[in-house]
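The structure appears right after this line, and notes come after that.
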Amino acid sequence: METVRYLIIGGGIAGTTAAETIRQNDKDGSIAIVTDENHRLYSKVMLSKPGFFLGQMPLDSVWLRKEEWYKEKNIRLLAGRKAATLDQTAKKVTLADGSEIGYEKLLLAIGTCARPWPVPGADKKGVYYVRTIEDGLAMIEAVKTAKKAVVIGSGFIGFEMCDMLHQAGLEVTSLIREKYFWEPFFDEASGRMIESVIEKAGVKIVRETLAHHAVGGERLEGVALPDGTVLPCDMVVAAVGAVCMIDWLKAAGLEANRGIVTNEFLETSAPDVWTAGDCAEFNDLALGERTVGGTWVNAQMQGRVAGLNMVGKKQAYRLVSFYTAEGFGVKVGSAGNPWPVPGREYVSRGSVELGWMERFVFKGPKLMGATVMNKTQDVINITKLIDKGTDLSGRKAELADPNVELKTFLA
């Protein structure tokens, strides 16, 4: 059995950043990256951006590392290999092909997978997900001949895909189970405002409805609704969330919930095992609660911190998550944890007339998160307010005033 000093499962931005950080601090220790994808590091963010999808930039721009980089850094990349089991006592990982790799220190940077569209016929040709470069390339080819598309889901990916398919000239229908677009992540006023822009562009929104099944033979011909209505289409883009494939790690005895449970140092419940990226359910020092990051920047920075901890440079992870996206001329964003959960208080500001809206989410006096629409320049100040733990309990009326700039709360 081969043994390496540092074994990394996952070749995305978290795993690759960790490997790079380790090499910067340990010039000689052996490093191996195992990834079930057949490629070196590429930008998954670009898969749902117009520049890549609409051919506005060279396809080669998606690659973030050259093949030579791994050789230069003396990092062994085992592409197209899937981890199957972990034995934390023997400190080894068994791959799907039966080979075993021992480790001194292990990083689990396995990311997430696109949640399968749970309807009969979801395996037909013409059903797409936004997760891998193969997904992206397949959709780029499909839009050359497709006429009609149905996008399932109203999150960030669904929003961006509606916009790009519309830009590509397709007739687009957005099928959502919620009563308004982006519920409950955005408040209803913001969601309705986003909807109005989407519908004005010509995209049809079918609300409070789930697909019943996919219509067609081997190839997709439409989406059937529970009432018998059929939405004819050549393409379905299923943007119904992400799932972390962690059953094999639970079987190995690791503590896991929505993701792999870790402390602020990204250490798991197993000795000499760390985790980073979308799969990490970590102790968020800025928010004071356990959370899952789910953004590119979060994964990159966690990879760096995990790498430092693996070489013995103890460092806690602290970063307020944020995200921005654009579509239909609308800019949206979030910071911290803006999800509406029981016991939270909300402060909103902005209006349809002003053309922008924001909602702030509080847990007692503490600002936990916010969503923004058409004022994404505020995201940086919101992250600072969250990170500093600024007490805004006596200034919520002032916060609701659209004429007061956020930077005044930082003074």
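Structure above, values below:
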item	result
For Asp278: the one exception among (1) out of contact with any helix residue (DSSP H, G or I) (no Cβ under 9 Å at 6 or more places or on another chain); (2) assigned to a loop (DSSP other than H, G, I, E, B)	(1)
Residues (at pLDDT 95 or above and in a loop (DSSP other than H, G, I, E, B)) located in the stretch 116-134	Pro116, Trp117, Pro118, Val119, Pro120, Gly121, Ala122, Asp123, Lys124, Gly126, Tyr129
Candidates Ala316, Ala280, Ala286 - the one that is at pLDDT below 95 and aliphatic (A, V, I, L, M)	Ala286
Where Lys49 falls short, out of the listed (1) more than 29 Å from Met164 (Cα to Cα); (2) of a type in the set (Lys, Arg); (3) in contact (Cβ under 8 Å) with a residue 40 or more places away in the chain	(1)
Long-range neighbours under 8 Å by Cβ, at least six apart or interchain, first residue β-branched (Val, Ile, Thr) within the stretch 301-314, second in a loop (DSSP other than H, G, I, E, B)	Val305/Phe265; Val305/Leu266; Val305/Ala276; Val305/Gln315; Val305/Ala316; Val305/Tyr317; Val311/Asp26; Val311/Gly29
Subset of the stretch 219-235 [free of Cβ contacts under 8 Å to residues at least 24 places away in the same chain, under 14 Å from Ile176 (Cα atoms) and assigned to a strand (DSSP E or B)]	Ala224
Tabulated pairs, the stretch 393-411, first free of Cβ contacts under 8 Å to residues at least 12 places away in the same chain and at positive phi, second among the basic types (Lys, Arg) and surrounded by 10 or more Cβ atoms within 10 Å (Cβ to Cβ), C-beta under 9 angstrom, 6+ apart or interchain	none
Conditions (1) under 24 Å from the mean Cα position of the chain (by Cα); (2) surrounded by fewer than 16 Cβ atoms within 10 Å (Cβ to Cβ); (3) in a strand (DSSP E or B); number of the one not met by Ala370	(2)
Flag if Ala286 is outside any helix (DSSP H, G or I), under 30 Å from Trp356 (Cβ atoms), among the aliphatic types (A, V, I, L, M) and not assigned by TED's automatic domain parsing to the domain that holds Thr21	no
Selection count, the stretch 156-182, where residues are touching a helix residue (DSSP H, G or I) at 6+ places or on another chain (Cβ under 7 Å) and either modelled with pLDDT of 95 or more or farther than 22 Å from Gly336 by Cα (or both)	7
Residue check for Ala242: under 27 Å from Val45 (Cα atoms) and modelled with pLDDT of 95 or more	no
Restricting the stretch 296-316 to residues that are among the hydrophobic types (A, V, I, L, M, F, W, C) and not in a helix (DSSP H, G or I), the residue that is surrounded by the fewest Cβ atoms within 10 Å (Cβ to Cβ)	Ala316
Close pairs from the stretch 240-265: first of a type in the set (Lys, Arg) and part of a loop (DSSP other than H, G, I, E, B), partner modelled with pLDDT of 95 or more and surrounded by 13 or more Cβ atoms within 10 Å (Cβ to Cβ), Cβ under 8 Å, at least 6 apart	Arg258/Glu281
Arg40 vs. criteria at pLDDT 95 or above and part of a strand (DSSP E or B)	no
Selection from the stretch 80-110 of residues that are small (Gly, Ala, Ser) and closer than 21 Å to Cys244 by Cα	Gly80, Ala83, Ala84, Ala96, Ala109
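Residue-by-condition table, conditions (1) of a type outside the set (D, E, K, R); (2) exposed (fewer than 14 other Cβ atoms within 10 Å of the Cβ); (3) modelled with pLDDT of 95 or more; (4) over 23 Å from the mean Cα position of the chain (by Cα):
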site	(1), (2), (3), (4)
Glu68	no, yes, yes, yes
Glu72	no, yes, yes, yes
Ala83	yes, no, yes, no
Lys92	no, no, yes, yes
Glu100	no, no, yes, yes
Glu104	no, no, yes, yes
Cys113	yes, no, no, no
Gly136	yes, no, no, no
Glu141	no, yes, no, yes
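The values are calculated or read from the model by the stated rules, or taken from the named source; none is laboratory data. Everything quoted here is computed from the prediction, not taken from an experiment. Don't worry about glycine lacking a Cβ; one is built from the backbone with ideal geometry, like all the others, and counts go over all protein chains shown.
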